[in-house]
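Okay, so here's the structure we're looking at.
The values are calculated or read from the model by the stated rules, or taken from the named source; none is laboratory data. All of these numbers come straight from a predicted model, not from anything done at the bench. Glycine gets a Cβ as well: all are built from the backbone with ideal geometry, and neighbour counts include every protein chain shown. Protein only, heavy atoms only, side chains kept; ligands, DNA and RNA dropped before computing areas. Shrake-Rupley method; radii C 1.70, N 1.55, O 1.52, S 1.80 Å.
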Amino acid sequence: MSLVTFKVNKPFSIIILVIIFNLFETVSCISVTNERYRLNYHIMSPAGWINDPNGFSYYNGEYHVFYQYNPDDATHANMHWGHVTSEDLVHWKHLPIALYQDQPYDVDGVYSGSGIVVNESLVLMYTGNVNQIDGRDFSTQSQALAISSDGESFIKYINNPVIPFPPQNGGNDFRDPKIWKYNDTLYVVLGNQNNLTMQGRAVIYSSYDLFDWTYVGVLAESTGSFGYMWECPDFFELNGFHILLLSPQGIEANGDDYQNIYQTGYFVGSYNYRTNNFSHSNTFIELDHGHDFYAAQTMETPDGRRIMIAWMDMWERDYPEQEDGWVGALTIPRELTLSSSGRILQNPVQELIALRTSTLLNTTLNVEGISKLFDVHSAEILIKATFNDAITQVGIRIELGNNSCVLAYLDTSNNKFVLDRGDNDPRRTLINVTNANNPEALEMRVFLDKSSIEIFLGDGEITFSSRIYPSSTPAVYALSNGTVTQMEVVAYELENIWSGSWCIRQSSFV
Ligand code: FRU
């Protein structure tokens, strides 16, 4: 700034300096130094670190997604709430940071939470995190409100925190409020640890006015095998049942299941609001079988669909994009329904069709071995493979450059679907493709982006979400080992929604 000199009188030069400073303020971003892994149609931050989706809601004609955000560095620290909005769940734009860690009760992080529209305001409820207790009148993790009447700037409630302490027998791990309304009452479910048993649990509070909260009780609790802490609970109705969705920490890997450091899954049951009794099968069902899926959050659209979005990464990994100045992305939005056997089915929201720019392929192939389909960075690929008993593997192979490749295929000898990134960490799960007749059929819907793959199988009961890191434009092949497979392939190239300006103001300038 000091390099700019003008021969003008003093007040005028001050005005010029202010204008130049403001210009600098609005165009300054934390920089991404290399675009190689930047995704084309997934929610990411402009730069820096992101984890959980937060405050997923619909307000004033727009969908709002917030996310755990460190604008200053590509590491988990300094949690703010970043903010994007969209009219169609597909084309997102960045808004200024919604929440800063600027109060005594959230000085070490504005942690995860949710959003709800109350009296025409968009209300965010989040966990304020402080690292130490030193005689304050709230605990290390307490629950706070922030309110907006324009969907962009948020004012923290003056009497925060509204839930200052964990409930009885509750440890200080007490976070991630998910708020909803039932009849005229507001409810919130929170993740917590029972400090007597050291087991994870979800607890419920209720309120008539948003500001005064009464402890209702424990909604569900680990009985020994479901983890020591439950993060990011969500509780909602689906096809007449109640679903408790959560991300437990501390579930041990078991065969093909629970292969990530932390898990995301659900219990299905029915809830009695009068007695706070959630009767469920005590079966925790893992929601996704890939490497990168955590902290899922849902919302109900104005037309009554239950939509979910999740963090498409995982704690304690190597993040190759970190050296480029950013880490983390969110999954595509998925519509949830419940199958007749009580399993959640996930399917990409219908709005995603708007991303299709051109048709890459629309054909039926007879594949034996591998057959090249196309080179592409971001695409939606629909495959219907029909095969007989001689088949051993059927699916796709994606070459990423540098001799590395991703295989996504049905292994018929084990009846498993496998996602193998070639890193000695394949993921597998049992899949039932057998029908009463021969031939059998496998239906795959794949969303490929510049550093991610999301696979939806059959009716959506089985999904795999993982980050992948190509070093050149990926080459996609159809794969059939054992015999010839007939494959109907339809594929579309997908739009880059971020090609415009994605710059936002940085925290240090505000
Ligand atoms: C889940 C989580 C939440 C917490 C947030 C902090 O990934 O650990 O429990 O609120 O991330 O960023």
Subject >> Filter pass, R445 being in contact (Cβ under 8 Å) with a residue 40 or more places away in the chain and open to solvent by 10 Å² or more (accessible area, probe 1.4 Å) >> reply: yes
Original post:
Among the listed residues N282, N195, N276, which satisfies the condition of being open to solvent by 30 Å² or more (accessible area, probe 1.4 Å), out of contact with any Lys or Arg (no Cβ under 7 Å at 6 or more places or on another chain) and on the phi > 0 side of the Ramachandran plot?
Top reply: N282
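On the basis of being more than 16 Å from the ligand (Cβ to nearest atom) and hydrophobic (A, V, I, L, M, F, W, C), does F293 make the cut? I'd like the intermediate steps shown before the answer.
Numbers: more than 16 Å from the ligand (Cβ to nearest atom): no; hydrophobic (A, V, I, L, M, F, W, C): yes.
Spelling it out, it is not the case that F293 is more than 16 Å from the ligand (Cβ to nearest atom) and hydrophobic (A, V, I, L, M, F, W, C).
Could you tell me whether segment 408-420 includes any residue that is without any contact (Cβ under 8 Å) to a residue 40 or more places away in the chain and at positive phi?
Here is the first cut: in segment 408-420, the residues without any contact (Cβ under 8 Å) to a residue 40 or more places away in the chain are 410-411, 413-415, 418, 420.
If we keep only those that are at positive phi too, we end up with 415.
Yes, the conditions are met somewhere in segment 408-420.
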**OP:** Kindly list, by first and then second residue, each pair from a residue in segment 228-250 that is under 12 Å from T337 (Cβ atoms) to a residue that is within 10 Å of the ligand (Cβ to nearest atom) and open to solvent by 10 Å² or more (accessible area, probe 1.4 Å), limited to pairs with Cβ atoms under 7 Å and residues at least 6 apart or on different chains.
**Re:** none
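Please find, within segment 167-187, the residue that is modelled with the highest pLDDT out of those that are within 14 Å of the ligand (Cβ to nearest atom) and over 17 Å from G109 (Cβ atoms).
If we filter segment 167-187 for residues that are within 14 Å of the ligand (Cβ to nearest atom), which is where we start, we get 171-178.
Restricting the remaining residues to those that are over 17 Å from G109 (Cβ atoms) gives 171, 178.
On the way: G171: 95, K178: 99.
Top of the filtered list is K178.
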Subject >> Residue that is nearest to the ligand (Cβ to nearest atom) [pool: residues in segment 237-265 that are closer than 23 Å to Y215 by Cα and open to solvent by less than 10 Å² (accessible area, probe 1.4 Å)] >> reply: S247
Subject >> Selection from segment 59-73 of residues that are more than 14 Å from the ligand (Cβ to nearest atom) and surrounded by 19 or more Cβ atoms within 10 Å (Cβ to Cβ) >> reply: Y59, Y63, H64, V65
Subject >> Hits in segment 122-141 - residues which are in contact with a Pro (Cβ under 6 Å, 6 or more places away or on another chain) and open to solvent by 20 Å² or more (accessible area, probe 1.4 Å) >> reply: none
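Of D389, D324, which residue is more than 16 Å from the ligand (Cβ to nearest atom), over 26 Å from H94 (Cα atoms) and out of contact with any Asp or Glu (no Cβ under 6 Å at 6 or more places or on another chain)? Even if it seems obvious, please write down each step before you answer.
On the way: D324 fails: over 26 Å from H94 (Cα atoms).
D389 is the lone residue from the list that is more than 16 Å from the ligand (Cβ to nearest atom), over 26 Å from H94 (Cα atoms) and out of contact with any Asp or Glu (no Cβ under 6 Å at 6 or more places or on another chain).
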Original post:
Across segment 81-121, which residue is farthest from the ligand (Cβ to nearest atom) among those that are over 23 Å from E351 (Cβ atoms), small (G, A, S) and free of Cβ contacts under 8 Å to residues at least 40 places away in the same chain?
Top reply: S121
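Is it the case that W311 is within 16 Å of the ligand (Cβ to nearest atom), under 16 Å from the mean Cα position of the chain (by Cα), over 17 Å from I243 (Cα atoms) and open to solvent by 10 Å² or more (accessible area, probe 1.4 Å)? Let's see the steps before the verdict.
Working: within 16 Å of the ligand (Cβ to nearest atom): yes; under 16 Å from the mean Cα position of the chain (by Cα): yes; over 17 Å from I243 (Cα atoms): yes; open to solvent by 10 Å² or more (accessible area, probe 1.4 Å): no.
Criteria not met by W311.
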**OP:** For residues that are more than 19 Å from A385 (Cβ to Cβ) and not in a strand (DSSP E or B), tally how many sit in segment 444-461.
**Re:** 2
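Return the residues of segment 102-121 that are under 23 Å from A310 (Cα atoms) and either at pLDDT below 95 or surrounded by 20 or more Cβ atoms within 10 Å (Cβ to Cβ) (or both); say none if nothing qualifies.
G109, V110, Y111, S112, G113, S114, G115, I116
Quick grid of which residues meet (1) within 21 Å of the chain's Cα centre (by Cα); (2) surrounded by 14 or more Cβ atoms within 10 Å (Cβ to Cβ); (3) assigned to a loop (DSSP other than H, G, I, E, B); (4) at pLDDT below 70:
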| residue | (1), (2), (3), (4) |
| --- | --- |
| T5 | no, no, yes, yes |
| V8 | no, no, yes, yes |
| L17 | no, yes, no, yes |
| C29 | no, yes, yes, yes |
| N40 | yes, yes, yes, no |
| I43 | yes, yes, yes, no |
| W49 | yes, yes, no, no |
**OP:** Output the residues belonging to segment 38-58 that are within 15 Å of the ligand (Cβ to nearest atom) and aliphatic (A, V, I, L, M).
**Re:** I50
Original post:
In this structure, is A144 within 14 Å of the ligand (Cβ to nearest atom), open to solvent by 30 Å² or more (accessible area, probe 1.4 Å) and not acidic (D, E)?
Top reply: no
**OP:** Find the residue count for segment 163-172, including only residues that are out of contact with any Ser or Thr (no Cβ under 8 Å at 6 or more places or on another chain) and open to solvent by less than 60 Å² (accessible area, probe 1.4 Å).
**Re:** 3
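Of the residues in segment 460-473, how many are surrounded by fewer than 23 Cβ atoms within 10 Å (Cβ to Cβ) and of a type outside the set (A, V, I, L, M, F, W, C)? So that I can check it myself, show each step before the final result.
In the first step, residues of segment 460-473 are kept if they are surrounded by fewer than 23 Cβ atoms within 10 Å (Cβ to Cβ); the result is 460-462, 469-473.
Subset that is of a type outside the set (A, V, I, L, M, F, W, C): 460-461, 469-473.
Of the residues in segment 460-473, 7 are surrounded by fewer than 23 Cβ atoms within 10 Å (Cβ to Cβ) and of a type outside the set (A, V, I, L, M, F, W, C).
Just to be sure, is L373 free of Cβ contacts under 8 Å to residues at least 60 places away in the same chain, in contact with a strand residue (DSSP E or B) (Cβ under 9 Å, 6 or more places away or on another chain) and either surrounded by fewer than 16 Cβ atoms within 10 Å (Cβ to Cβ) or not in a loop (DSSP other than H, G, I, E, B) (or both)? Break it down into steps so the answer makes sense when it comes.
Details: free of Cβ contacts under 8 Å to residues at least 60 places away in the same chain: no; in contact with a strand residue (DSSP E or B) (Cβ under 9 Å, 6 or more places away or on another chain): yes; either surrounded by fewer than 16 Cβ atoms within 10 Å (Cβ to Cβ) or not in a loop (DSSP other than H, G, I, E, B) (or both): yes.
So L373 fails the test.
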**OP:** Look at segment 57-79 and say how many of its residues are touching a Pro at 6+ places or on another chain (Cβ under 9 Å) and aromatic (F, W, Y).
**Re:** 4
